[in-house]
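Each remark here refers to the structure printed beneath this line.
Quick note: the coordinates plus some simple rules give every number you see, no bench work behind them. Source: prediction; values computed, not measured. Positions of Cβ are backbone-derived with ideal geometry, glycine not excepted, and every protein chain shown enters the neighbour counts.
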Amino acid sequence: METLQNTDLKRIIDQSLNKAISYQAYRDLVEELVETKLNTGNDITEALVNYTMLNDRRMKRWDKTVKVSEVVKQEISNLKISQTWLVITESWCGDAAHVMPVMNKVAELNSGIDFKVVLRDENDDLMNRFLTNGGKSIPKLIIIDNDSNEVLDSYGPRPSTATKLVTDYKAKHGSLTPEFKEDLQRWYNKDKGQTAIKDLINILKTS
């Protein structure tokens, strides 16, 4: 018998899915925002507009350059699954610009994965069900079984190695400095999406 909590979560997810867009539609949206000097979210600021512009360039680069090995391609394409991957994001989020193209690349390898995107500030009820250490960290990927409508897992906001780097730095220094954030960007550029690919494969194998 379903609990009221599960029923409520399914209702919230259904509401968000009704507003969800494809990855390509999201990419088109971000390009349009760059042209009009705007950003998604409740607050429009010069800084967030500039982050959106930077993230558009990042996503363009990763869309073209993320590589998945032939072994991994075979592994993912052979999985018998029917899932919806619903990612919560905003245009200004730096981590999302690095991770979402990888998520999309993996999702494209299996016809049983439907990759959808929603905006955080437009889906507050959903975001509040998938907090990270009490915070509304994005991107957050929610993996839903299409047959049962059950949430199988969630992932994000960062790949596992980056998460450890952030956690260790916060434990030692209390908060993230601009210098650390630059180091994190260098890590993303060096990793080239490979940690996220491994993380997602592990989730697919166990979901």
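Data table
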| read-out | value |
| --- | --- |
| Cut-off 14 Å, label 7 Å out along Cα→Cβ of D183, residues of segment 128-168 by amide N | 162-168 |
| Unsatisfied cross-links (Cα-Cα over 18 Å) in the set K136/K198; K73/K198; K64/K105; K19/K205 | K136/K198; K19/K205 |
| Hypothetical label at K19: residues of segment 78-110 whose amide nitrogen lies under 14 Å (7 Å Cα-Cβ projection) | 87-91 |
| Proximal aspartates and glutamates to K190, defined as alpha-carbon separation beneath 15 angstrom and excluding residues fewer than eight positions away on the same chain | D95, E182 |
| Over segment 62-173 - Rg/Rh using Cα atoms and the Kirkwood inverse-distance radius | 0.98 |
| Residues of type aspartates and glutamates that K116 reaches as a straight line, Cα spacing below 15 Å, ignoring anything fewer than 8 places off in the same chain | D14, D28, E90, E108, D145 |
| Positive minus negative residues near A96 (Lys, Arg vs Asp, Glu; Cβ under 13 Å) | +3 |
| Among D56, D114, D28, residue whose mean-square fluctuation peaks in a GNM of the chain (springs only between Cα atoms under 10 Å) | D28 |
| Extension gain (nm, one decimal) between N50 and N146, 0.36 nm per residue minus Cα-Cα | 30.8 nm |
| For the chain, built as a Gaussian network whose Cα springs stay under 10 Å, the top-fluctuating residue of N55, N42, N149 | N42 |
| Tensor-based shape of segment 119-196 (alpha-carbon gyration tensor, a/c under 1.5 rounded, otherwise prolate or oblate) | prolate |
| For the chain, the longest site-free run once trypsin sites (Lys or Arg not before Pro) in DSSP loop states with at most 12 other Cβ atoms within 10 Å are removed | 81-207 |
| Sum of side-chain charges, T195 neighbourhood, beta-carbon under 11 Å (Lys, Arg +1; Asp, Glu -1) | +3 |
| Calculated FRET efficiency for the pair K172/E32, C-beta based, R₀ 30 Å, to 0.05 | 0.15 |
| Cα gyration tensor shape for segment 157-207, rounded if a/c is under 1.5, else prolate or oblate | oblate |
| Solution diffusion estimate, µm²/s, Stokes-Einstein, segment 1-126, Kirkwood Rh from C-alpha pairs, 25 °C, viscosity 0.890 mPa s | 155 µm²/s |
| Within the chain, helix-based [θ] at 222 nm, where runs of 4 or more DSSP H residues each add -39,500 (n - 2.57), nearest 500 | -18500 deg cm²/dmol |
| Cα-based shape type of segment 71-110, given that a ≥ b ≥ c are square roots of the gyration tensor eigenvalues and the cut on a/c is 1.5 | oblate |
| Cβ-defined net charge surrounding G41, 12 Å radius [Lys, Arg +1; Asp, Glu -1] | -3 |
